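Reviewing the structure listed below.
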Amino acid sequence: IVVLAGDVSQPRLGLSTKEAYASLAETVDLVLHAGALVNHNLSYRELFGPNVLGTTNIMQFCLTPPSKPKPLHYISTVAVAMGEGGPGPHVSETHLGSFWGKERTIEGGAYAEGYGASKWASEVLLQDLNKQTGLPVVAYRCSMILPHTSLPGQINVSDVFTRLLAGVIYTGVAPQSFTDGKGQAPAYDGSPVDFVAGGIVAIALEGGRERGREGGCRLFHVVNPHGGEGASLDDIVGWVKSAGYAVEGAAPYQA
């Protein structure tokens with residue numbers, strides 16, 4: 001593994017020299033673009049540089065040099081599908097851009113709205129890239145990514161799921177239930193990072209056989225395959241209690 005420090009929002013990916021950029025473009029065969037500023041409070045305008053402009057710079061890299069185009073695999077988010085008119089994360093359609101036009105309404109203040117919009121914009125750009133050049137592109141809309149199954153205790157400190165658990169522990173308070181009081185709490189849509197990465201890499205390595213403008217513009221939803229059978233947030237709060245932490249039930253989550 002060779003690591004080069006850069007910045008996707010900058011020209012030539014922020015690499016130190018033109019020569020470094022050219023050398024990378026000549027040696028890379030496939031691009032997995034996972035770089036983004038992940039912040040569910042920032043606006044689309046604030047996320048435009050790293051998340052949208054960064055994607056266009058990656059697109060340009062994939063077309064450099066013209067004699068060596070590189071398939072582009074893009075890590076997106078299920079937040080794209082939760083926007084205006086979206087189908088939700090569990091869909092059977094397989095092609096990128098099946099659901100969206102070229103406009104998206106931003107109401108202002110909704111959770112992950114700016115982040116979801118920045119990923120949506122990148123998906124639209126990828127669809128246009130495929131139509132104009134025929135470059136194979138694939139987007140993976142991931143739900144919550146959780147720690148590796150073989151590395152218990154390894155966490156992403158700033159992650160919203162980590163902060164939720166920390167908040168329950170620090171305050172000693174949790175909702176009575178994460179439902180509206182009318183049924184069982186839904187399964188939590190999260191998957192361990194090794195499952196997510198393994199699925200993406202398997203598809204990416206197999207994708208070399210996909211050719212053509214339609215087959216070369218694909219979409220996958222990388223979500224929890226257990227549907228309603230997995231653990232819920234109510235179960236997870238129960239695990240916190242069983243670990244010895246005192247947790248008091250407050251009002252239902254909806255309230």
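The values are calculated or read from the model by the stated rules, or taken from the named source; none is laboratory data. Here the structure is a predicted model, which is why all the values come from computation and not from measurement. Don't worry about glycine lacking a Cβ; one is built from the backbone with ideal geometry, like all the others, and counts go over all protein chains shown. Please note that ligands, DNA and RNA were not included when accessible areas were found on the heavy atoms of the full protein model with its side chains. Shrake-Rupley method; radii C 1.70, N 1.55, O 1.52, S 1.80 Å.
Observations on the model:
- Among residues of the stretch 230-255 that are touching a residue at least 12 places away in the same chain (Cβ under 8 Å) and under 13 Å from residue 177 (Cβ atoms), those with a beta-carbon under 6 Å from a residue that is surrounded by 16 or more Cβ atoms within 10 Å (Cβ to Cβ) and of a type in the set (Phe, Trp, Tyr) at least six positions away or on a different chain give the pairs 232/188; 233/178; 233/188; 234/178; 253/178.
- Residue within the stretch 101-115 that is more than 15 Å from the chain's Cα centre (by Cα), over 19 Å from residue 217 (Cα atoms), surrounded by 15 or more Cβ atoms within 10 Å (Cβ to Cβ) and modelled with pLDDT under 95 present: yes
- Count of residues meeting criterion [of a type in the set (Phe, Trp, Tyr) and surrounded by fewer than 16 Cβ atoms within 10 Å (Cβ to Cβ)] in the stretch 134-193: 1
- Qualifying residue in the stretch 14-35 (condition: among the hydrophobic types (A, V, I, L, M, F, W, C) and within 27 Å of residue 161 (Cβ to Cβ)): yes
- Filtered by the rule that a residue be within 18 Å of residue 254 (Cβ to Cβ) and among the basic types (Lys, Arg), the stretch 154-185 gives a lone residue, 182.
- Residues in the stretch 217-244 that are surrounded by fewer than 15 Cβ atoms within 10 Å (Cβ to Cβ) and in a loop (DSSP other than H, G, I, E, B): 225, 226, 243, 244.
- Test: residue in the stretch 40-57 that is of a type in the set (A, V, I, L, M, F, W, C), at pLDDT below 95 and surrounded by 16 or more Cβ atoms within 10 Å (Cβ to Cβ): yes
- Residue in the stretch 194-204 that is at pLDDT below 90 and open to solvent by less than 20 Å² (accessible area, probe 1.4 Å) present: no
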